[in-house]
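Here's the structure we're looking at; comments come further down.
What follows is calculated from the coordinates using simple rules that are stated; it is not laboratory data. Keep in mind the model is a prediction, meaning the values are calculated, not measured. A quick note on method: Cβ atoms are made from the backbone with ideal geometry, for glycine too, and the neighbour counts reach across all protein chains shown.
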Amino acid sequence: MTIRFTKDHEWIKLEGDVATVGITDYAQHALGDVVFVEVPEAGKALSQGKDAAVVESVKAASEVYAPVDGTVTEGNAALADEPALVNTDPTGKGWFFKMTLSNPSQLDALMDEEAYKSYVEGL
Amino acid sequence: MGNDAGTAPETLLQTPLHSLHRELGAKMVPFAGYDMPVQYPMGVLKEHLHTRHQAGLFDVSHMGQVRLRGASVEAVIAALEALVPGDVAALAPGRIRYTMFTDAQGGILDDLMVTRFDDHVYVVINAGRKRADLAHMAENLPGVEIEYLGDDAGLLALQGPAAATVMARLVPGAEAMPFMSATTASINGIPVQFSRSGYTGEDGFEISVAARDSEALARLLLAQPEVAPIGLGARDSLRLEAGLCLYGHDIDETTTPIEAGLAWTISKRRRAEGGFLGAAIIQAQLQNGTTRKRVGILPEGRQPAREHTDIQDQDGRVIGQVTSGGFGPTANGPVAMGYVATAQAAVGTPVNLIVRGKPLAAKVAAMPFAPHRYFKG
């Protein structure tokens, strides 16, 4: 299992051929209370750094970007009824979508947990 | 993840409560040139609900407080009425009106609260419009001495159903003050001027206090068990649910009071007599109606529609734009307001909001989205 992080505060966890994507605890804290999430549908092609999902707090809408290229296999349906899962469990039940990777080597350029931690400390 | 909330590097002004906000753990953001608390550790959602259920304390010291004096208070009122359509002359001492500075085209230069006192008139103007309003008054209020309180005064708002209980504890009798009235008092030796008014739709008070006393007063209010500090984030969601306009968003120079649904602020006398900037246009609109109107909009489902979202009719024609929109914690769903063509302004009219390129079904809705709970005596 590999978990990697982007500078835009997405996390991606690869298990077998499928990766799960969400936003980090730092990101959910910065956003505040999440009231709406729009996740991509299965089959949607994603490009690294491009819009993949939308997360809205009381105050503002933010884009969630695809950490790598690939294809969505599942969006987290639970977020429709309980968007606050993004706040309460951002790296668990608050995941956004699962995807297959068209270029797994893109993961290597992302930050590991330790690098992300020091990146956030520097913000 | 990203959003478009840019932060421009600039020298920000501070209110007298700045260090208290930091101490309380507020997240600070630039707003109208000030470094202001957008939220405290409680978070926008809970701050909003706390205000609706208990009482919230807001720092609104960034707003402009101005005293107007002249040969007589009547002379000041007569001069001021040339700039606002509100019936200031009808105010008894200690009473307040909500009105607007209009321009020659009937557009809104700012909205403001006007209080008549025995020997002067006190107005509160928006932070972002202070410079423009002060210049406008200096130019157009002959014989009126304009005293801008500036950094010498703080302004606190105590809002919510428990506000009267809290104020009565500090100023016995405050609970009986009529809505839209003002008085002076001393709270633990601190001289204050305060009104029964606010910007949340709830009962509450707005308290003007010398800058040097602001923090002591804020600490005293926050020490009351019902009171929590509330940031600008919840202030915005509260006023949106209450259907109240935010200058620069829901009203500006391109909107008239009539288009904005603020005709209720113009009395029979002022409608008949005119005598304010843009009166001819506003009187004609009162007579003949307007081509567009500010309305409430309720999106179906859970997705909020934000400011600048296009509003389309059922045939895909753009009929207006959202001017304020977000999530209403008390409404427990998305709420918005905006301007639509008058033909589509009836409550219940189905419309589509174009959010990220996709139509979101919505309906024109009555405001407020959370019932006003002003003190009725």
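Structure values in brief
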quantity	calculated
Matching residues, the stretch B:345-364, being touching a residue at least 12 places away in the same chain (Cβ under 8 Å) and of a type in the set (Lys, Arg)	B:LYS363
The stretch A:1-11, subset touching a helix residue (DSSP H, G or I) at 6+ places or on another chain (Cβ under 7 Å) and in a strand (DSSP E or B), residue surrounded by the fewest Cβ atoms within 10 Å (Cβ to Cβ)	A:THR2
Output for the stretch A:13-37, where each listed residue is surrounded by fewer than 23 Cβ atoms within 10 Å (Cβ to Cβ) and assigned to a strand (DSSP E or B)	A:LYS13, A:LEU14, A:GLU15, A:VAL18, A:THR20, A:PHE36
Set A:GLU15, A:GLU41, A:GLU56, A:GLU74: member being within 10 Å of chain B (Cβ to nearest Cβ) and in contact (Cβ under 8 Å) with a residue 12 or more places away in the chain	A:GLU56
B:LEU83 being assigned to a loop (DSSP other than H, G, I, E, B), under 22 Å from the mean Cα position of the chain (by Cα) and crowded, with 20+ Cβ neighbours inside 10 Å	yes
Pairs with Cβ under 6 Å, 6+ apart, first in the stretch B:119-132 and outside any helix (DSSP H, G or I), second buried (at least 21 other Cβ atoms within 10 Å of the Cβ) and hydroxyl-bearing (Ser, Thr, Tyr)	B:TYR122/B:THR115
Output for the stretch B:62-118, where each listed residue is among the acidic types (Asp, Glu) and touching a residue at least 40 places away in the same chain (Cβ under 8 Å)	B:GLU81, B:ASP87, B:ASP103, B:ASP110, B:ASP111, B:ASP118
Residues of the stretch B:16-37 classified as within 14 Å of chain A (Cβ to nearest Cβ) and either surrounded by fewer than 21 Cβ atoms within 10 Å (Cβ to Cβ) or assigned to a loop (DSSP other than H, G, I, E, B) (or both), total	6
Sole residue being under 16 Å from the mean Cα position of the chain (by Cα), farther than 22 Å from B:HIS62 by Cβ and surrounded by fewer than 20 Cβ atoms within 10 Å (Cβ to Cβ), chosen from B:PHE117, B:PHE179	B:PHE179
Filtered residue count, the stretch B:223-254, keeping only those that are crowded, with 24+ Cβ neighbours inside 10 Å and among the β-branched types (Val, Ile, Thr)	2
Some residue of the stretch A:79-93 being in contact (Cβ under 8 Å) with a residue 24 or more places away in the chain, part of a strand (DSSP E or B) and among the aliphatic types (A, V, I, L, M)	no
Helices (runs of 4 or more DSSP H) wholly inside the stretch B:163-246 that include at least 3 residues being within 14 Å of chain A (Cβ to nearest Cβ)	B:232-241
Criterion (of a type in the set (Val, Ile, Thr), touching a residue at least 12 places away in the same chain (Cβ under 8 Å) and over 20 Å from A:ALA115 (Cβ atoms)) met by exactly one of A:VAL34, A:VAL68	A:VAL34
